[in-house]
Amino acid sequence: MKEHQESAVDKLWRIFSSMKLGLVLLGVIAFFAGVGTLFPQADVDPDKARAVGEIWQELGFTHLYSTYWFRLLLGVLCINLIICSIQRFQGIYNRTFKLHPPENRTNIPKKVQETWKGERESLRSSVQKVLQSRGFKVVFEEKDKQWSFIAIKRRWGNWGSFITHLSFVVLVIGAVIGSSMGFKGYLMAGTGTTVPIHSIQVSRGTVKETFDVLINSAEDRFLANGQRDNWYTDLSILENGKVMARHTISVNHPFTYQGVTFYQSSFINGVHLTADVKGQKVPVILEDRGGNYFQAPGTDLYLVASAITSDPQKPSMLFEVFKGMSEDAVQSGQLDFGQTIDIQGAYKLTLDGNSGFTGLQVKQDPGVMVIWLGCALLLLGLILSFYWRPILVSGIFQAELGDQGEITMGVSSGKVAGGVKEVFERLVREIQTK
């Protein structure tokens, strides 16, 4: 007689349903996630990520969580969890909804068990009343003069581990959706600047939106006692030059438009100036500490603000002017509010006042709702697993002489019998005294 040969599908099913495979995958993913904390990630700190050796960048260690091989590991883990859950589903369903009373004493849990004698009908009535009064769902079965029962309380606790496993699948799906369909970027812009959303510095994903962002104002506000209040950015969303939305954001108070969320991330002091170039007034906004520069039209002169005072009553700046690629300044000095100076005979410059530069983190994550669903499922699964453990009591009465006989009761205690044993002993005492 030929032995049954295992098909390829059966082999794959057996491999992916293995708990050992799941543990190995969790270990491998945890290892690489740990590596990801050691290497600077491009979507968090792009400058440090670029400083890492090229071989590590090529292997994806600076953008680890978006690499194909890391996503493949997560995908295989998901398949493993799904198949394991499918295999366990029927058993959990039966333990919850299809309870079968024991057929003989050998089916009664032995770890926590009690046996005593009594009258057939009175014992049956006591068992039913006590268990039902304590919130148990009771199922009886009678054969001749023998009867048996099974009762369960907190039956939904059976689904705790199942829901917990399912939550990990949902979380991975949400993360993959967010990383593959969304984007994460950063913009630094001064007051009065309009920035096309597709031109921002993107560290992950692709920007498909076409609206513009107008920075109406950017402020670093202080309280009366001198302590910092918060950074504030008043921005408008423009579509075809029309204002579609306007909102003031601050740290921990973001703004979302069409699924794109703007977070207040940083702030840099700046100044607003006017350059008079041959009679033409040119608005200029400079960042503190040389964050940007102004090149007057038709010249090779580069103006930077080396230091700016943030006092709104007495704004001033220290400036430097460089010619061409020279590292030595050809002109430097201090410019106060309302003061006008000549820059190398090429143009005149007037300080109009302070102006802030706001740093905004821009993010679109279509998987965020899936992530929240996964978190909710994880919380529910953990609550059911640890705080809503089911209590399963079963027993059988066997007649010995007339209506007299012996009842054997037991409770499924799992690995921890302490609390369950106390509940069971109280039930037994109540049944015996009824």
(message) On C-alpha positions alone, give me the angle between the axis of helix 68-97 and the longest principal axis of the chain, in degrees, nearest 10.
(response) 30
(message) If I fit a long axis through the Cα atoms of helix 160-181 and take the longest principal axis of the Cα atoms of the chain, what angle between them do I get, 0 to 90°, rounded to 10?
(response) 20
(message) Assuming 0.36 nm per residue, please report the length gained on full extension of the stretch Asp234 to Tyr93 beyond their Cα-Cα distance.
(response) 45.3 nm
(request) Please report the relative contact order for the chain, taking Cα pairs under 8 Å with a sequence separation of at least 6, and give it as a percent rounded to a whole number. (result) 20
(message) Between Ser265 and Ser18, how high is the FRET efficiency from 1/(1 + (r/R0)^6) when r is the Cβ-Cβ distance and R₀ = 41 Å? Nearest 0.05.
(response) 0.35
(message) With unit charges on the beta carbons (Lys and Arg positive, Asp and Glu negative) and the dipole taken about the Cα centre of the chain, which residue among Ile268, Val195, Gln57 sits farthest to the positive side?
(response) Gln57
(request) Could you work out how far apart the two model spin labels at Lys278 and Thr256 are, taking each label as a point 7 Å from the Cα in the direction of the beta carbon, and quote it in nm? (result) 5.2
(request) Under a 10 Å cutoff between Cα atoms, tell me which one of Trp56, Trp231, Trp372 has the largest fluctuation in the Gaussian network model of the chain. (result) Trp56
(message) Sequence gap at least 6, Cα distance under 8 Å: using those rules, report the relative contact order of segment 35-124 to the nearest whole percent.
(response) 16
(message) Averaging over every viewing direction, what projected area does the convex hull of the Cα atoms of segment 325-434 cover, in nm²?
(response) 20.3
(request) Find how much the distance from Thr248 to Ile383 grows on full extension, using 0.36 nm per residue of separation minus their present alpha carbon separation; answer in nm with one decimal. (result) 44.7 nm
(request) Would you calculate the separation in nanometres between label points at Glu430 and Leu373, each defined as 7 Å from the Cα along the Cα-to-beta-carbon direction? (result) 4.0
(message) If you roll a 1.4 angstrom probe over the protein chains with everything in place, what fraction of the accessible area of the chain belongs to carbon and sulfur, to the nearest %?
(response) 57
(message) Loop-only trypsin sites (Lys or Arg not before Pro) in segment 87-172, please: DSSP not H, G, I, E or B, and at most 11 other Cβ atoms within 10 Å.
(response) Lys98, Lys110
(message) Per DSSP helix of 4 or more residues, -39500 (n - 2.57); summed, then divided by the residues of the chain. What does that give at 222 nm, rounded to the nearest 500?
(response) -11000 deg cm²/dmol
(request) Could you run the Debye sum over the Cα atoms of segment 248-370, one equal point scatterer each and no solvent, and tell me log10 of I(q)/I(0) at q = 0.10, 0.13, 0.19, 0.21 Å⁻¹, two decimals? (result) -0.41, -0.61, -0.96, -1.10
(message) Using Cα-Cα distances under 8 Å and only pairs 6 or more residues apart, what relative contact order does segment 104-228 have, in percent?
(response) 13
(message) Can you give the Rg/Rh ratio of segment 51-92, where Rg is from the C-alpha atoms and Rh is the Kirkwood radius?
(response) 1.33
(request) Could you do me a favour and compute the accessible area per residue for the chain, 1.4 Å probe, result in Å²? (result) 57
(message) Quick check on segment 228-267: what are the equivalent-ellipsoid semi-axes from the Cα gyration tensor, as sqrt(5λ), descending, whole Å?
(response) 21, 11, 7
(request) Compute the Cα gyration tensor for segment 319-366, then decide on rounded, prolate or oblate, letting a ≥ b ≥ c be the square roots of its eigenvalues: rounded whenever a/c is under 1.5, prolate when a/b is larger than b/c in the other cases, and oblate in all that remain. (result) oblate
(request) Please identify the longest segment of the chain free of exposed GluC sites (Glu not before Pro), where exposed means a DSSP state other than H, G, I, E or B and no more than 13 other Cβ atoms within 10 Å. (result) 104-326
(message) Longer than 18 Å from Cα to Cα, which of Lys48/Lys208; Lys98/Lys434; Lys111/Lys421; Lys184/Lys242 are they? Say none if no pair is.
(response) Lys48/Lys208; Lys98/Lys434; Lys184/Lys242
(message) Which one, Ala329, His253, Tyr302, projects farthest toward the positive side of the charge dipole computed for segment 211-345 from Cβ point charges (K/R +1, D/E -1)?
(response) His253
(request) Using a/c under 1.5 as the rounded threshold, could you call segment 151-230 rounded, prolate or oblate? The axes a ≥ b ≥ c are square roots of the C-alpha gyration tensor eigenvalues, and prolate needs a/b larger than b/c, oblate otherwise. (result) oblate
(request) With no solvent and one equal point scatterer placed on each C-alpha of segment 371-414, evaluate the Debye formula and give log10 I(q)/I(0) for q = 0.15, 0.20, 0.31 Å⁻¹, two decimals. (result) -0.58, -0.73, -1.00
(request) For a quick protection proxy, order the peptides 27-37, 72-82, 347-357 by their average other-Cβ count within 10 Å, most packed first. (result) 347-357, 72-82, 27-37
(message) Under 24 Å between alpha carbons: how many lysine pairs meet that in segment 255-364, if sequence neighbours fewer than 8 apart on the same chain are excluded?
(response) 7
(request) Compute the convex hull volume of the Cα atoms of segment 246-291, divide it by the residue count, and report the result per residue in Å³ as a whole number. (result) 129
(request) Considering the convex hull of the alpha carbon atoms of the chain, report its projected area averaged over all viewing directions, in nm², one decimal. (result) 36.9
(request) List, largest first, the extents of the alpha carbons of segment 141-276 along their principal axes, each in whole Å. (result) 109, 43, 26
(message) I'd like the FRET efficiency for Val9 and Gln57, computed as 1/(1 + (r/R0)^6) with the beta carbon distance as r and R0 of 51 Å, rounded to 0.05.
(response) 0.80
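The values are calculated or read from the model by the stated rules, or taken from the named source; none is laboratory data. This structure is a prediction, so every number in the text was calculated from the model and none was measured. Here the Cβ is made from the backbone with ideal geometry for all residues, glycine too, and neighbour counts use every protein chain on show. Accessible surface is based on the protein model in full, side chains and every heavy atom, while ligands, DNA and RNA are left aside. Shrake-Rupley method; radii C 1.70, N 1.55, O 1.52, S 1.80 Å.
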